[in-house]
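The structure under discussion appears below in the form of structure tokens.
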Amino acid sequence: MMHTIAQLWEKQCSRTIVNYAKNIVIYIADDSKVICSILDANLRENGFTTIVFNTLEELEIKIKVTKPDILLIDFYFQHTTSLELIKKYAETIPIICMSTTENANDLNRIFINQIVDFIPKPVNNDILRLKIYNFIRRIENLRDFETIQVFIDSLLYTIEIRDVYTRGHSERVSNIAEHIAQHLKLDKQKIEIIRQGALLHDIGKIGVRDSVLLKTGGLTAPEFSEIKNHSVYGYNICLNLKTFQPYLGIIRSHHEKLDGSGYPDGLKRNDLPIEVQIVSVADVFDALTSKRVYRDALSFDTAFDILYEEYKKGFWDIEIINALKEINEREKI
Ligand SMILES: [Fe+2]
């Protein structure tokens, strides 16, 4: 039997949601007890956990103690509306507001920037269920994002517990690079790519053998080239992870230099986006000002002397170094 797209869509949604619907708590607020009991029966039949409120006061007392996963609320209550309550909680609770069709248009304008959905009264149970599924899918996307953040943290932790001398390095580089990007007034999206990409830039060190990564004496030429592989290892680790696509450039190219003398690809200025250049300078600055097995941490002044010398050799962009210097003069980062 052929299914329509709508049937397939609902089948897929139901299958995913049926497994944990009972964990989804929906508060239903309407001053009509009859409407409440109809909605309540419908949502319970679909497996959701519900709590019913007939006044805004009761609802707000409960919200202050425990927030629901979704709030289904009528717009008109006796002598008042739920407008203020919706405004107050729209940023923190997914809300579906029940109202007449004409009011839905006005409300849409009021809540244009907030996550408030509307359903016309009398409520159609199928539409309500699909609206709830949509909210749950949005919440699930956020959960996926959180899971990825936790995964990134675990990877970083794995590297840092192996290598005490670079402990905290990724976080410091991320912090420095973010400050530079803000100082240079890059757009928000680029700043976020820089912040996250810098956290991940050395992720490929996970693939370098302990005997090389943790060696305290000088490295042989083959050992040094193994260390250098970390940028390609990192790139390969993240290559097929959709969420990591924006960071691939930073991970692969953070050891490149503007004159083409870096690695792994010998890229030059025009092939190196500003995001990569900023992380590279932040990386070098943190390496110079941190203690290493073979030397103490250098002072900020010495580190800047070295960066300016390397600018003269053609390694780095002067504006990025100047930005970092100005930030340091203003506030120690
Ligand atoms: Fe690196």
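The long axis of helix 274-288 is offset from the longest Cα principal axis of the chain by roughly 60 degrees. Ranking of I24, I61, I203, I274 by neighbouring Cβ atoms within 10 Å, starting from the fewest: I61, I274, I24, I203.
Along each principal axis, taking the top coordinate minus the bottom one, the Cα set of the stretch 163-330 gives 41, 40, 28 Å in descending order. Compared with the dominant principal axis of the Cα atoms in the chain, helix 101-110 is inclined by about 30°. Using C-alpha pairs below 8 Å separated by at least 6 residues, the relative contact order for the stretch 179-333 is 22 percent. Scanning the chain for chymotrypsin sites (Phe, Trp or Tyr not before Pro) that sit in a DSSP loop and have at most 16 other Cβ atoms within 10 Å, the longest stretch containing none of them is 21-293. For the chain, the residue among L307, G197, L156 whose Cα projects farthest onto the positive side of the dipole built from Cβ charges is L156.
Based on the reciprocal of the average 1/r between different C-alpha atoms, the Kirkwood radius for the chain equals 24.0 Å.
Note on the chain: dipole from Cβ charges, positive end direction compared against S290, I24, L71; the farthest Cα belongs to I24.
Against the chain, whose longest principal axis is taken from its Cα atoms, helix 125-162 shows a tilt of about 20°.
Rounded to 0.05, the FRET efficiency of the Q189 and K313 pair, given R0 = 30 Å and the Cβ-Cβ distance, is 0.40. Shown is the FRET efficiency for T49 and I274, computed with R0 = 51 Å from the Cβ-Cβ distance and rounded to the nearest 0.05: 0.55. Just to be sure I understand the model, the point goes 7 Å from the Cα along the line to the Cβ. What's the resulting E84 to E331 distance in nm? Using points 7 Å along Cα→Cβ, the separation is 3.7 nm. Under the simplified labelling scheme, the S261-K67 pair shows an inter-label distance of 5.4 nm, with each label point 7 Å from Cα along Cα→Cβ. Summarising the overall dimensions of the stretch 265-322 from its C-alpha atoms, the Rg and Dmax are 12.1, 35 angstrom. Per residue, the convex hull spanned by the Cα atoms of the stretch 166-230 measures out at 98 cubic angstrom. Among the trypsin sites (Lys or Arg not before Pro) in the stretch 214-302, those located in a DSSP loop and surrounded by at most 14 other Cβ atoms within 10 Å of their own Cβ are K215, K291. The mean of 1/r over all distinct Cα pairs in the stretch 118-200, once inverted, gives the Kirkwood hydrodynamic radius of 16.0 Å.
Residues of the chain were split at every exposed loop site, defined as GluC sites (Glu not before Pro) in a DSSP loop with at most 15 other C-beta atoms within 10 angstrom, and the longest piece left, sites excluded, is 92-330.
The DSSP beta bridges internal to the chain are antiparallel in roughly 20% of cases. Taken about its Cα centre, the chain carries a charge dipole of about 560 debye when Lys and Arg each add +1 at the Cβ and Asp and Glu each add -1 at the Cβ.
Which of the residue pairs K22/K190; K131/K185; K62/K242; K228/K291 have a Cα-Cα distance greater than 31 Å in the structure shown? From K22/K190; K131/K185; K62/K242; K228/K291, over 31 Å: K22/K190; K131/K185; K62/K242. Cβ-to-Cβ counts within 10 Å put D305, D286, D296 in ascending order as D296, D305, D286, the fewest first. Once both labels are positioned 7 Å from their Cα atoms along Cα-to-Cβ, the gap between T147 and I127 label points is 3.3 nm. Under the convention that each Lys and Arg Cβ holds +1 and each Asp and Glu Cβ holds -1, the size of the dipole of the stretch 152-201 around its Cα centre is about 140 debye.
The numbers here are math on the coordinates, done by the rules we state, and not lab data. Note that the structure is predicted; figures quoted are calculated from it, not measured. Don't worry about glycine lacking a Cβ; one is built from the backbone with ideal geometry, like all the others, and counts go over all protein chains shown.
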